[in-house]
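Trainee: If you scroll down you'll find the structure; I have some questions about it.
Bear in mind that the values in this text are calculations on the coordinates, not laboratory data. Computed from a prediction, not measured in an experiment: that's the story for all the values here. Cβ placement follows ideal geometry from the backbone for every residue including glycine, while neighbour counts extend to all protein chains displayed.
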Amino acid sequence: MFPPLAYLQWIEGRPAAAEHDLGTSDLRRLPAGDPDDLVPPRLRGLSQPGAGRSLREHVADEYDVHEANVLLTAGATHGGFLACATAAALARERHDDAPVDDGGTAAAEAAEGGPQPCALVEAPGYEPLVETPRGIGSRVARVRRPGPEYGLDAERVAAAAPDLAGPLAHVTVTNRHNPTGAVVDRATLAATAEVAADHGGYLLVDEVYAPYTSGTGGDDAAGDAFGGPTGAGLAATVTLGSLTKFHGLGGLRVGWITGPEAFIERARLVEHHVPALAAPSVALARRVFGHRDDLVADARDHCRRNHQLLVGFLADRDDLAGSVEPGSPFAYLEHERVDGDAVSEAAWDAGVLVVPGRFFGMSDGVRVSLGRAPDDCEAALDAFGRVLDGL
């Protein structure tokens, strides 16, 4: 049921082995430190908050939703699994409860366990967002985000939804879009969620890159979380977030989903089938929120500096096409003469890690991600430039 994920197989071990890492997208500013130390370097020396608000309360406050709209997860991947499985279960239950007179089709489907729910997933996009719903038994169809802007188009979703082979479970998008970095505003998310709801499903928004902003709008803008856009609180909308990318704390495996209360209640029942979030990670995540403003400001400065490095690099390269979205430290870039695999292979031979676009359905280019410390990223871009000069 669960096929190997080609991207995760390919990337495993490469960031550690690369001399220059332009593949890692989470903001890892500090070295990993002692692997036996339970406290990540970024949180070391910071005081633990007293017995006050729970982690769930902190997340709810960040997204301006009620606690009942939040489920803590063991990272965003775990959250995505729970969200897809919950949406599929609700789609099946909705179909089972609907009176249907179709000459026996409904009875036949019921005998086989019901109709297959359908997931409508953005293209191009991140491979696990396609394969996870397939793994839990949903049919997957794709809806394109048209280039060169790669914006989300609610009308395209509306046109694709009626052609699905079963009940719609969810429409899945990323914001920022992975791999291009394009941002979708809250109004567009709301319009897309309305389309999903009209067909009985939910809009699922993976927001792990949403906080990657310059912060010029401030953290208190309506619909923002950690300074970035969010769909949290919109009708028929489920969001995924974590401490892995913007906060650089992947080792904690702390994430969350937000959504309508009924969806979260059903997700808690699904969660009984899989491992849950560990208590030590919850305690350390509370420390993040206890020092939230300072940690966010540091991450935003890291993101801003790396964004500027990437913008400057692209501006100096006549052989690369693409754009760096405002505030983004990663981008999808195409070389004028060779495809993404050729660029990635040549870079790897020179000790530079960049990700082939084929893992996102964009084989002509590569995703270049500046997650490491700015000085390290500057050196990595210099090395990558020498690779490109030799193509």
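Trainee: So for the pair Ser47, Arg386, with labels modelled 7 Å out along Cα→Cβ, what separation do we get in nm?
Mentor: Once both label points are built, they end up 4.8 nm from each other.
Trainee: Cβ neighbours within 10 Å, averaged per peptide: list 191-202, 364-375 in order, most packed at the top.
Mentor: Details: 191-202: 21.0, 364-375: 23.4.
Averaged packing, sorted descending, gives the order 364-375, 191-202.
Trainee: How far, in nm, would the chain grow between Ser54 and Ala379 when pulled straight, counting 0.36 nm per residue and subtracting the alpha carbon separation? Show your work: numbers first, answer last.
Mentor: Numbers: separation 325, 0.36 × 325 = 117.00 nm, distance 4.13 nm.
Separation in residues times 0.36 nm, less the Cα-Cα distance, equals 112.9 nm.
Trainee: Would you kindly state how much longer the chain becomes between Arg142 and Ala68 on full extension, computed as 0.36 nm times their sequence separation minus their alpha carbon distance, in nm to one decimal?
Mentor: Working: separation 74, 0.36 × 74 = 26.64 nm, distance 3.13 nm.
Length gained between Arg142 and Ala68: 23.5 nm.
Trainee: For the residues Thr172, Thr24, Thr188, what sequence is obtained by ranking on other C-beta atoms within 10 Å, fewest first? Intermediate results must be reported in sequence, preceding the final value.
Mentor: Values: Thr172 30, Thr24 23, Thr188 18.
Ordered from fewest to most neighbouring Cβ atoms within 10 Å, Thr172, Thr24, Thr188 come out as Thr188, Thr24, Thr172.
Trainee: In what sequence, highest mean first, do 39-47, 56-64, 234-242 appear when ranked by Cβ atoms within 10 angstrom?
Mentor: Numbers: 39-47: 15.0, 56-64: 19.1, 234-242: 25.7.
Listed from highest to lowest mean packing, they are 234-242, 56-64, 39-47.
Trainee: What list do you get for Glu12, Glu265 if you sort them by fewest beta carbons within 10 Å?
Mentor: On the way: Glu12 9, Glu265 13.
With the sparsest Cβ surroundings first, the list reads Glu12, Glu265.
Trainee: Using DSSP H assignments, which helices in the chain have an axial alpha-carbon span of 20 Å or above and a mean Kyte-Doolittle hydropathy of -0.5 or higher? Show your work: numbers first, answer last.
Mentor: Numbers: long enough: 76-97 (31 Å, -0.12); 292-315 (34 Å, -0.48); 374-389 (22 Å, -0.09).
Correct list, ordered by number: 76-97, 292-315, 374-389.
Trainee: As a check on your grasp of the helix formula, calculate [θ] at 222 nm for the chain: sum -39500 (n - 2.57) over DSSP H runs of n ≥ 4, divide by the residue count, round to the nearest 500.
Mentor: Working: 13 runs with 150 residues, N = 391.
Result for the chain: -12000 deg cm²/dmol, rounded to the nearest 500.
Trainee: Taking the Cβ-Cβ separation of Gln308 and Ala187 as r and a Förster radius of 41 Å, what is the calculated FRET efficiency to the nearest 0.05?
Mentor: Values: r = 29 Å, r/R0 = 0.70.
With a Förster radius of 41 Å, E is 0.90.
Trainee: Could I ask something else about it? Between (1) 36, 21, 19; (2) 34, 27, 19; (3) 37, 25, 21, which matches semi-axes √(5λ) of the Cα gyration tensor in Å calculated for the structure shown?
Mentor: Of the labelled values, this structure produces (2).
Trainee: A further question on this structure: When only C-alpha pairs under 8 Å and at least 6 residues apart count, what is the relative contact order of the chain, in percent?
Mentor: Values: 775 pairs, mean separation 92.9, N = 391.
It rounds to 24 percent for the chain.
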